[in-house]
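Q: Below you will find the structure I want to go over with you.
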Amino acid sequence: MTVKPAWLTACLLSLLSVISLNAQAELPAGYKVVLQTENFPPFNMADNDKNFARDANIKGVSATIVREMFKRAGIDYTLTLRFPWARIYDSTLENANHGLFSTSMNEARRPLFKWVGPIAKVERVLLAAPGSNIPNLKDLNEASQYRIGSYKDSAASQTLEKAGLQPINTLRDPENIGKLTQGRIDLWGTTDPVWRHQARQANVNGLRTVLTFDRSDLYLALNLDTPDDVVARLQQALDQMKSEGYGTCNKHPELC
């Protein structure tokens with residue numbers, strides 16, 4: 001085994017630093033990423049619970065992580081919370097240097113974006129109304145006999161559709177709470193812990209999980225034309241942050 005002299009190791013490290021700095025300098029002057037998100041508590045939400053907010057008026061676990069990630073990576077950005085999800089999803093697909101969070105990476109989405117993450121973890125669940133006589137379910141096949149409400153273009157809805165079910169989709173996920181408690185749907189296909197916040201906002205108690213049908217990580221999705229250097233710098237910043245506890249219950253008690 002050949003041992004490199006200390007001076008050679010130092011030279012190599014210096015060279016790598018220069019290369020890294022040069023790579024960062026390749027971004028055009030004034031470069032910034034246009035970030036978009038939606039109300040998806042506790043990960044991202046408007047501080048006034050509206051469906052539109054900008055920059056400092058957006059809060060949540062993912063918003064905090066993404067801000068710090070861009071700060072450490074030295075990349076400028078704008079941040080807007082909009083509605084509906086389908087609009088910002090399509091906008092990120094179609095426009096260079098656009099980004100979207102918090103979203104799941106599945107087989108269908110994987111080739112459509114460049115990805116940074118994971119930022120956090122979630123579960124997809126089916127919920128029954130208070131007092132419902134629907135038993136706990138073993139799988140989605142057993143769920144097919146029920147009317148299931150979900151959220152258009154969400155990962156929960158897409159997973160249900162892929163399994164051959166036909167969820168009744170809304171443009172606002174909290175609308176499913178009223179539909180469920182009024183008996184217009186039998187089950188609500190949604191995301192945990194997001195539904196817990198939405199139920200509290202609606203003053204609804206007693207919703208019951210009858211099936212956990214998927215577990216996934218949440219990511220920042222970037223348009224395919226985003227420079228690879230931007231993706232690498234953001235991922236490096238996130239990896240460092242995760243070693244410091246970002247994305248965990250210790251750092252973010254609202255996750256647990």
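Q: Taking the condition open to solvent by 10 Å² or more (accessible area, probe 1.4 Å), of a type outside the set (V, I, T), out of contact with any Gly (no Cβ under 8 Å at 6 or more places or on another chain) and within 23 Å of F83 (Cβ to Cβ), does L137 pass?
A: no
Q: Right, another one. Would you check which residues across segment 94-112 are of a type outside the set (S, T, N, Q), closer than 23 Å to P41 by Cα and open to solvent by 10 Å² or more (accessible area, probe 1.4 Å) and list them?
A: Scanning segment 94-112 gives H98, M105.
Q: Would you tally the residues in segment 118-156 being out of contact with any strand residue (DSSP E or B) (no Cβ under 7 Å at 6 or more places or on another chain), hydrophobic (A, V, I, L, M, F, W, C) and outside any loop (DSSP other than H, G, I, E, B)?
A: 0
Q: Applying the selection to segment 198-214, what residues are open to solvent by less than 40 Å² (accessible area, probe 1.4 Å) and in contact (Cβ under 8 Å) with a residue 40 or more places away in the chain?
A: Listed by number, the residues that qualify are Q198, V204, L207, V210, L211, F213.
Q: Still on this structure: Looking at segment 215-248, which of its residues are at positive phi and buried (at least 16 other Cβ atoms within 10 Å of the Cβ)?
A: If the condition is that a residue be at positive phi and buried (at least 16 other Cβ atoms within 10 Å of the Cβ), then G247 is the only one that fits.
Let's see how each residue does on (1) closer than 20 Å to S154 by Cα; (2) part of a loop (DSSP other than H, G, I, E, B):
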| site | (1), (2) |
| --- | --- |
| T78 | no, no |
| A86 | yes, no |
| D90 | yes, no |
| F101 | yes, no |
| E107 | yes, yes |
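Q: When you scan segment 168-232 for strands (runs of 3 or more DSSP E) that lie fully inside it, which ones turn up with 3 or more residues that are among the hydroxyl-bearing types (S, T, Y)?
A: Qualifying strands (runs of 3 or more DSSP E): 208-222.
Q: Those residues that are open to solvent by 80 Å² or more (accessible area, probe 1.4 Å) and either assigned to a helix (DSSP H, G or I) or at pLDDT 85 or above (or both), I need them from segment 10-27; list them, please.
A: L13, L15, L16, I19, L21, N22
Q: Also, quick follow-up: Could you list, in sequence order, the residues of segment 102-160 that are over 18 Å from E38 (Cβ atoms) and of a type in the set (K, R)?
A: Selection gives R110, K114, K121, K138, R147.
The values are calculated or read from the model by the stated rules, or taken from the named source; none is laboratory data. Bear in mind that the values here come from a model prediction, so they are computed numbers and not experimental data. Neighbour counts run over all protein chains shown; Cβ positions are idealised from the backbone, glycine included. Areas reflect the complete protein model, heavy atoms only, side chains present, ligands, DNA and RNA absent. Shrake-Rupley method; radii C 1.70, N 1.55, O 1.52, S 1.80 Å.
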